[in-house]
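The values are calculated or read from the model by the stated rules, or taken from the named source; none is laboratory data. Because the structure is predicted, anything quoted here is derived from the model rather than measured. As a convention, Cβ positions derive from the backbone with ideal geometry for all residues, glycine included, and neighbour counts pool all protein chains shown.
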Amino acid sequence: MVVPAPHLEFAGSQHVQMFGRMSAIECKRRLLHILPGLLPTILWFIPHRDPLSWDCRAWLGLIIGGIGIATAVKYRRIARHGETNNPACILGYTVPVFLLLMLIPAHAQLGLATLAIISFGDGFATVGGLLLPGPRLPWNRQKSWAGFLCFLVFAVPWSAMVYWGESRPAVSFSLALAVGGSASLFAAICESLKSRIDDNIRVGAAAAIGIATSHYAAAAWF
């Protein structure tokens, strides 16, 4: 795909550098949304017990809370035009992950896979929707097939990888792919629906519900 040369767009009285169809602010916003999805890989190299100990959960809680607080404090730097604050953007991201890690410490892969779906799925869905031309979804003309498919293309393999890497005892990658794929599809569908509920809240809740449901269903079936 040929991306147009960067150009300047007026947003009020401010010049906003554009990269294709994404402003510089939107690029920063996507990076902030996507990069936390790499955090689960840190635990792969740090010995820890299953279930997670209280000190491990405390550290994870501090990291998640710290990211949320830092984002809230600096939100004006990534706010879209006309936007002053968006608590749903932060709460929908952090609360589902935090709750799963705290309430189900014996299966840390649930919270971490949820983080993978929120960060990579929702993050790249916006990128795909902005940069890739294509038809709109028949049930929501504000969303595109490109965004919907990008959600799945990035969320499914990464959530499966995170789930597989953290599972104790070890599980097959095919089972991890079934769990991550089912949860990612559910979250992608919820993200694509027309609703007055902020899509960050919908994606976070759907990812958490989907991963927990798929996990316990897989445990019963396999």
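Brief remarks on what is shown
- Selection count where residues are at pLDDT 80 or above, charged (D, E, K, R) and out of contact with any helix residue (DSSP H, G or I) (no Cβ under 8 Å at 6 or more places or on another chain), scope the range 47-87: 1
- Hey, Ile209 part of a helix (DSSP H, G or I) and surrounded by fewer than 23 Cβ atoms within 10 Å (Cβ to Cβ) or not: yes
- Listed by position, the helices (runs of 4 or more DSSP H) inside the range 20-88 whose residues that are under 23 Å from Asp198 (Cβ atoms) number at least 3 are 24-34, 54-73.
- Single residue of Ile90, Ile117 found to be in contact with a helix residue (DSSP H, G or I) (Cβ under 6 Å, 6 or more places away or on another chain), at pLDDT below 95 and not small (Gly, Ala, Ser): Ile90
- Top-ranked residue in the range 154-195 [being crowded, with 17+ Cβ neighbours inside 10 Å and β-branched (Val, Ile, Thr); ranked as farthest from Val97 (Cα to Cα)]: Val171
- Here Arg141 meets each of (1) closer than 27 Å to Arg196 by Cβ; (2) surrounded by 15 or more Cβ atoms within 10 Å (Cβ to Cβ) with one exception, condition (2).
- For Phe45: the one exception among (1) farther than 15 Å from Gly111 by Cβ; (2) surrounded by 13 or more Cβ atoms within 10 Å (Cβ to Cβ): (2)
- When residues in the range 114-147 are screened for being in contact with a strand residue (DSSP E or B) (Cβ under 6 Å, 6 or more places away or on another chain) and in contact (Cβ under 8 Å) with a residue 24 or more places away in the chain, 3 of them pass.
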